[in-house]
Every structure is written in C-alpha cells, then in structure tokens.
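Some notes on the structure that comes next.
The values are calculated or read from the model by the stated rules, or taken from the named source; none is laboratory data. Only a predicted model underlies this, so the values are computations on that prediction, with no experimental measurement involved. Every residue, glycine as well, gets a Cβ built from its backbone with ideal geometry; the counts of neighbours run over all protein chains shown. These accessible areas exclude ligands, DNA and RNA; they are computed on the full protein's heavy atoms, side chains included. Shrake-Rupley method; radii C 1.70, N 1.55, O 1.52, S 1.80 Å.
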Amino acid sequence: DQQVKQNSPSLSVQEGRISILNCDYTNSMFDYFLWYKKYPAEGPTFLISISSIKDKNEDGRFTVFLNKSAKHLSLHIVPSQPGDSAVYFCAASVSAGGGADGLTFGKGTHLIIQP
Amino acid sequence: KAGVTQTPRYLIKTRGQQVTLSCSPISGHRSVSWYQQTPGQGLQFLFEYFSETQRNKGNFPGRFSGRQFSNSRSEMNVSTLELGDSALYLCASSRDRAGYTFGSGTRLTVV
C-alpha cells in the first residue's frame, strides 16, 4: 500500500516556465512533508519542507503548497532552469522527527527541462 | 563542512554472502537512518539509530541489521544475501530529526 504517491513518472517543461510536481498521500497522520531532488549516482538533496500547520512555504524559486483536506501537496519551481533536471521525491513523516517509520517516499518524478 | 560519507561506493557480492556498509554522518549529527532504493519499490526506510540505540525500524527481514558507534558512525549489515537485495543503500544523518542529509549511497549488486 503506497502511502505517498507521485503519479507522474516524468514531466517535461520548457526552460523559463513553471514546473509543477504533484504528490498525494493517504496517511492522515503525516504532518511533515519534504521534497528532495536527486541526480544519478548521488544521494537525494533536501529542497524544501512544510509542516501541516502551514499551507505554503517558499524558498527562492521553490514553493511548496499543502492542501490537507485533499491530502495533496505540490512543488512549484519558477522559473525552471536546465539544472533543475533531476528526479524529485516527495516524502512524508509523522512528526518532523521522522516518526516511527522514518520518511515515507514517493517513487519520484523525473523532471526534464527543455531549452 | 564534510557531508555524509558512505563506503564503499560500489560492491559486488555473491548470493549467500554477507556485507557490511559504513556511514559517517555530518559532525554533530547523532541520528543516522538507512534507506534502500530499488527501481520497483523506490526509497524504503530500513532503520534509524540515535545515540547508539536503534530507535525505529522499517519492514525488512531480520537479515538486515545495523549498529551505531559512540562517534555516531553507523554500519549496516545484510546477511545471507539474496538477488533481490541488489539496490542503492542510502544513509542520512540529522542533528534534530527535522532535516536529513543523505550520502551518495552504496550500490550493492548481488550475483
């Protein structure tokens, strides 16, 4: 049973446009959400996080939106740059501390930024 | 500031053997977590250690074990290797469990 789902395995966006990556979750106990970016042969790199007490968190070009009632979060990247091409993972946990089950990850979305 | 260091980067083992992977966390980080990444299952939580104690454990068989030393370095051991254990094993460290920094991983191939 996949508790964190990223339904788009890949996404292609033109350079300079907005990239929107989506993530859905089923466990209503999750209250802390993170986005990671991963290049081949490297470990995931933390991008941005959001607590369930907020519905938006912004950091430079990256904004994460959380819709608790829909159990949905999204990552917006504006403007998209070639270096943003990577696999993006959504992760969730019960409490910011990772909870008893650590971080639960989605299977990732491969973002391709086209020049 | 040095990041999370995992050794070795690549490893090839034979079915039935055992393997030990090592993780050195960022200085000052006392929490170390291990994850397995496979194409089919994605990233899955193995276990977490904090101050030399296993604090949490994912849904993996007992062949997967780990430990943490007083300097926060951690090792993960897999006994009686199976072909399905071929994966990228990632270690992540954290100071306060709110932000996890991952290492580059150890690519284990079981033949």
Once you place label points 7 Å from the Cα toward the Cβ at A:N27 and A:N7, how far apart are they in nm? 2.1
Of the trypsin sites (Lys or Arg not before Pro) in region A:1-60, those whose Cβ has at most 16 other Cβ within 10 Å and which sit in DSSP loop: A:R17, A:K54
Which percent of the accessible heavy-atom area of the protein assembly as shown goes to carbon and sulfur, probe 1.4 angstrom? 49
Need one value for B:44-50: mean number of C-beta atoms belonging to other chains within 10 Å of its residues' C-beta atoms. 4
Mind checking which of A:S69, A:S12, A:S85 has the largest fluctuation in a GNM of chain A, springs on alpha carbons under 10 Å? A:S69
Using protein chains only (no ligands, no nucleic acids) and a 1.4 Å probe, work out which residues of region A:30-49 have their accessible area cut by at least 30 Å² relative to the chain alone. A:Y36, A:K38, A:A41, A:G43, A:P44
When DSSP assigns beta bridges and you keep just the ones with both residues in the protein assembly as shown, what percent turn out antiparallel, to the nearest 5? 90
Before we go on, tell me the buried accessible area for the A/B pair, both chains summed, 1.4 Å probe, in Å² to the nearest 100. 1500
Express the accessible area of the protein assembly as shown per residue in Å², computed with a 1.4 Å probe while the remaining protein chains stay in the model. 47
So, with points 7 Å from each Cα along the Cβ direction, the B:Q18-B:N71 label distance in nm works out to 2.3
Short version: ³J(HN,Hα) in whole Hz for each residue of region B:50-66, in order, from phi by Karplus 6.51 cos²θ - 1.76 cosθ + 1.60 (θ = phi - 60°), x for Gly and Pro, what are they? 9, 6, 6, 10, 6, 9, 9, 9, x, 8, 10, x, x, 5, 9, 9, x
Heavy-atom accessible area ranking, 1.4 Å probe, most first, across A:M29, B:M76: A:M29, B:M76
Members of A:K37/B:K13; A:K5/A:K38; A:K37/A:K68; A:K54/B:K57; A:K5/B:K13 lying beyond 25 Å, as alpha-carbon distances in this model show: A:K37/B:K13; A:K54/B:K57; A:K5/B:K13
Would you kindly find the accessible area of A:I18, with a 1.4 Å probe and non-protein molecules such as ligands, DNA and RNA excluded, rounding to the nearest 10 Å²? 80
Relative contact order of chain B (C-alpha contacts under 8 Å, at least 6 apart) in percent is 37
Not counting ligands, DNA or RNA, and with a 1.4 Å probe, what is B:T5's accessible surface area in Å² rounded to the nearest 10? 70
Be a star and scan region B:64-79 for residues whose amide nitrogen sits under 17 Å from the point 7 Å along the Cα-to-Cβ vector of B:R95. B:72
For B:C23 the rounded accessible area (nearest 10 Å², probe 1.4 Å, non-protein molecules ignored) is 0
Order A:D31, B:D85, A:D55, most accessible first, counting only protein heavy atoms with a 1.4 angstrom probe. A:D55, A:D31, B:D85
Summing +1 per Lys or Arg and -1 per Asp or Glu among the other residues with Cβ less than 13 Å from B:Q54's Cβ gives 0
